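Inspection log for the structure reproduced underneath, given as structure tokens.
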Amino acid sequence: MNYTIGLSGYFHDSSVCLLEGGSIIEFVREETLTRVKGTNQFPHRALRFLIDKYNLDDTNVDFICFYEKPLRGWFSSVNFSLKRPLDRMELLKNQLKQFWSGPANVSQKILKVLKIDEQKILFAPHHLSHVLSATPFQKGPSTQQSLHFVFDAVGDGICSSIFYGIPSSLQILRQDQYPNSLGLFYSAVTEYCGFNTNEGEFKLMALAAYGKPIHSEFLLKNVIRFSSPELKLNLKWFNFHRSVTTSYSDLFLKKFGPAAQENDLIEDANRFKDFADLAASAQDVTERIICRTISWGIEQTGITSITVSGGVAQNCVAMHSASKLMGACDFTVPPSPGDSGAAIGAANFAEIMANRSPVKIHDIAFGGSFSPPKSGLFEELFQLVAKENAYVEVAELINNGNIICTFLGGNEIGPRALGFRSIICSAGKAPVVQRLNTLIKKRESFRPLAPAMTSETAENYFHLNKNALRNYNWMGLIAFAKPELPSQYNCCLHVDGSARLQILKKDISPLYEILELAEDEILLNTSFNISGDPIVGDYFDCYVNMQRMGLEYLITDKGLYKLII
């Protein structure tokens with residue numbers, strides 16, 4: 001069978017997806033190999049890795065598809081800047097430079113790495129790539145009529161889209177053009193509150209639970225005006241349309257005060273509540289706009305099978321609200337709704353253009369399993385503790401309050417560790433959880449770790465949306481705890497009683513068997529990395545991260561190991 005490749009890059013997380021015979025067999029993020037968190041460079045190493053692994057060349061690669069129309073995106077941004085060139089000169093200069101360094105020359109970048117017929121290089125519309133990264137995870141067949149929403153920063157000059165139809169024949173219901181972007185609004189507030197844009201939005205979401213949405217009406221009246229389904233930004237409050245360094249304007253500072261510094265985000269800091277209230281307000285506004293837009297789409301079309309993708313769809317709190325809407329009978333947000341996952345959508349687009357069946361996906365991780373090198377170096381770093389009954393030993397260690405690193409199976413599709421590249425412990429031992437979160441992972445105190453459990457446990461202790469159950473397999477939604485949740489598990493809850501839980505399935509999750517053997521009903525699961533670093537990619541990354549975090553045990557497909565050095 002021949003291969004199809006999907007690529008994303010240049011704006012957010014760069015990734016490569018590989019299909020064989022219409023089925024995904026590999027998904028590799030560029031950051032995994034470069035060790036640069038969230039790198040947006042052309043995914044040279046990830047592509048090279050797959051070329052070498054599968055001997056890819058012109059004889060066995062049918063298509064390689066990029067996840068946007070690069071010239072369309074470049075021309076739309078330059079055209080916007082040229083309307084007021086003096087005011088937007090800084091941004092315009094940067095845009096002109098990007099013609100040569102950005103995605104406009106992506107074909108030549110591809111051909112330098114993979115010698116194939118240039119006719120095999122395809123370009124998918126950006127928002128269509130997002131939609132087609134979600135459709136493979138839908139419950140129904142590929143012939144099912146669905147309504148697809150994209151909430152994004154910007155791609156191909158478009159900030160949000162509504163599509164409807166089946167994957168092989170999608171129609172546009174409406175779109176919002178740059179600069180009227182819900183994603184850029186949320187990112188501006190993210191930056192003002194002291195977090196990095198394109199990375200810290202999930203931290204703003206967590207901070208929001210500590211505040212009250214006291215600024216919501218002001219924001220909706222003055223900053224981001226919304227009348228279903230149209231969104232308009234008041235650009236007086238923003239700077240992203242004229243600057244490459246700051247996304248909010250001086251008017252923002254005049255209204256809300258100086259931007260946050262690191263010390264402001266400590267819970268007992270003088271201005272912590274101010275930033276928490278603004279975060280809560282931005283979260284509330286975002287949820288309102290998403291929910292009203294989806295409701296409008298359902299009213300216009302009568303379609304009740306829903307997908308939501310784009311960078312804003314990574315906001316699992318907003319997705320929880322959207323999944324509960326009246327009329328949304330089947331709700332899907334993919335494991336990787338942002339640009340990284342759009343590599344899957346690009347590959348799916350190529351399959352559809354070739355008149356092949358749209359891609360369907362059951363698993364949540366792909367690629368080869370852990371294989372220690374033959375050089376003997378691994379044995380110098382790690383000692384084998386158990387091979388035959390490794391999971392039994394892991395469960396016993398967890399019962400005794402130990403923290404375990406996992407390197408099992410392939411790479412998770414999304415940005416969240418789902419047990420394949422995770423650090424796990426018991427959720428019922430609060431001191432262990434606290435140590436893992438703040439001392440080992442060095443996360444902010446207002447960001448709880450994620451609980452992992454079976455579907456039965458989740459139904460007993462959490463309010464779940466029956467129309468969106470499979471999204472809990474990859475932490476796509478939050479859920480609120482029931483009063484029945486035993487008190488020892490309160491350490492896995494956010495301050496508002498919610499949790500970004502993962503439901504473990506026997507056929508797709510490596511943690512399922514460990515949980516079955518453990519004493520507690522719930523495990524705590526966090527990504528195998530120190531905060532700010534990429535998730536581990538190979539055995540050497542495992543060693544380095546375990547040394548830095550002071551962790552001893554590593555469970556792999558080859559057995560349970562203990563750090564020697």
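The values are calculated or read from the model by the stated rules, or taken from the named source; none is laboratory data. All values reported here derive from a predicted model rather than from experimental measurement. All Cβ positions, glycine included, derive from the backbone under ideal geometry; neighbour counts span all protein chains shown. Ligands, DNA and RNA are stripped out before the accessible areas are found, and what is left, the full protein with its side chains, is counted by its heavy atoms. Shrake-Rupley method; radii C 1.70, N 1.55, O 1.52, S 1.80 Å.
Please give me the summed charge of the neighbours of I522: other residues whose Cβ is under 14 Å from its Cβ, Lys and Arg +1, Asp and Glu -1.
Numbers: positive: K429, K482, R500; negative: E456, E459, E484, E516, E519, D520, E521.
That works out to -4.
What helices does the chain hold that run 24 Å or longer along their axis, going by alpha-carbon atoms, with a Kyte-Doolittle average of -1.0 or more, using DSSP H for the helix calls?
Numbers: long enough: 272-301 (44 Å, -0.04).
In the chain, the long hydrophobic H runs are 272-301.
So if R0 is 25 Å, what FRET efficiency would E444 and N222 give, r being the distance between their Cβ atoms, rounded to the nearest 0.05?
Values: r = 29 Å, r/R0 = 1.17.
It comes to 0.30.
At 1.4 Å probe size, with every protein chain present, just tell me what the per residue accessible area of the stretch 330-418 comes to in Å². Present the calculation step by step, with values, prior to reporting the outcome.
Values: 3250 Å² over 89 residues.
So the stretch 330-418 comes to 37 Å² accessible per residue, rounded to a whole number.
So what's the gap between the Cα centers of the stretch 380-438 and the stretch 18-51, to the nearest angstrom?
The stretch 380-438 and the stretch 18-51 have Cα centres spaced 25 Å from each other.
Would you please give the residues with an amide H less than 5 Å from that of F123, counting only those at least 5 places away or on a separate chain, with H modeled from the backbone geometry?
The list, which skips near neighbours in sequence, is F66.
Could you derive backbone 3J(HN,Hα) for the stretch 7-12 from the dihedral phi with the Karplus parameters 6.51, -1.76 and 1.60 (θ = phi - 60°), listing whole Hz in sequence and x where the residue is Gly or Pro?
10, 9, x, 5, 10, 10
Report the net charge of residues surrounding N222, where surrounding means a beta-carbon distance below 11 angstrom and charges are Lys +1, Arg +1, Asp -1, Glu -1.
Details: positive: K221, R225, K236, K255; negative: E217.
Here the count lands on +3.
Compute the distance from the alpha-carbon center of the stretch 268-334 to that of the stretch 126-141, in whole Å.
18 Å
Report the relative contact order of the chain, percent, no decimals, based on alpha-carbon pairs under 8 angstrom and at least 6 residues apart.
Values: 1227 pairs, mean separation 91.3, N = 565.
Relative contact order for the chain comes out at 16 percent.
Would you kindly derive the ³J(HN,Hα) couplings of the stretch 470-477 from the backbone phi angles with the Karplus curve 6.51 cos²θ - 1.76 cosθ + 1.60 (θ = phi - 60°), listing them in order in whole Hz, with x for Gly and Pro?
5, 5, 6, 4, 10, 6, x, 9
Just to verify a number: FRET efficiency for A354 and D274, C-beta to C-beta distance, R0 = 51 Å, to 0.05?
Numbers: r = 54 Å, r/R0 = 1.06.
Taking R0 as 51 Å, the efficiency between A354 and D274 is 0.40.
Long-range amide H contacts for A269: which residues qualify at under 5 Å (H placed 1.01 Å from N, peptide plane, sequence gap of 5 or more or a different chain)?
The answer is none.
Taking the Cα-to-Cβ direction at L517 and at V244 and moving 7 Å from each Cα, how far apart do the two end points lie in nm?
Going by the 7 Å Cα→Cβ label model, 5.3 nm.
Spin-label point model (7 Å from Cα, Cβ direction): what's the E230 to S531 distance in nm?
Distance between the two pseudo-spin positions: 4.3 nm.
Let me cross-check D557: its accessible surface, 1.4 Å probe, with only protein heavy atoms counted, in Å² to the nearest 10?
For D557, the solvent-accessible surface is approximately 70 Å².
Does a label point 7 Å from the Cα of R548, set along Cα-to-beta-carbon, have any residues of the stretch 398-430 with amide nitrogen under 18 Å, and which are they?
Within reach of a label on R548, which here means backbone N under 18 Å from a point 7 Å along Cα→Cβ, the stretch 398-430 contributes 404-407, 416-417, 421-424.
Once neighbouring chains are kept in place and the probe is 1.4 Å, which whole percent of the accessible area of the chain is contributed by carbon and sulfur?
Numbers: 11030 of 22440 Å².
That share works out to 49 percent.
Sequence-distant or interchain residues sharing an amide H contact under 5 Å with F63, placed H: which?
I5
Using helices alone, I'd like the mean residue ellipticity at 222 nm for the chain: each DSSP H run of four-plus residues gives -39500 (n - 2.57), total over residue count, nearest 500.
Taking each H run of at least 4 residues, the total per residue is -9500 deg cm²/dmol.
Could the peptides 219-229, 414-424, 40-50 be put in order, highest first, of the mean number of other beta-carbon atoms found within 10 Å of their residues?
Numbers: 219-229: 16.7, 414-424: 24.2, 40-50: 21.1.
Ranking, from highest mean packing down: 414-424, 40-50, 219-229.
Once phi is turned into θ = phi - 60°, what whole-Hz ³J(HN,Hα) does the Karplus curve with 6.51, -1.76 and 1.60 give for every residue of the stretch 56-66, x standing for Gly and Pro?
Using θ = phi - 60°, the values come out as 6, 7, 5, 7, 10, 9, 7, 8, 10, 10, 8 Hz.
Please work out how much length the chain gains when fully extended from E118 to E199, using 0.36 nm per residue of separation minus the C-alpha to C-alpha distance, in nm with one decimal. If you can, show how the numbers build up before the last one.
Working: separation 81, 0.36 × 81 = 29.16 nm, distance 3.42 nm.
Gain on extension, E118 to E199, equals 25.7 nm.
With Rg and Dmax of the Cα atoms in Å as the read-out, I listed (i) 25.3, 72; (ii) 23.0, 69; (iii) 31.0, 120; which label goes with the value calculated from this structure?
Correct label, based on the coordinates given: (ii).
Restricting to DSSP loop positions (anything but H, G, I, E, B) with no more than 13 other Cβ atoms inside 10 Å of their own Cβ, which trypsin sites (Lys or Arg not before Pro) remain in the stretch 504-548?
Numbers: sites: K505, K506, R548; in loops: K505, K506.
Taking the stretch 504-548 and a limit of 13 other Cβ atoms within 10 Å, the loop trypsin sites (Lys or Arg not before Pro) found are K506.
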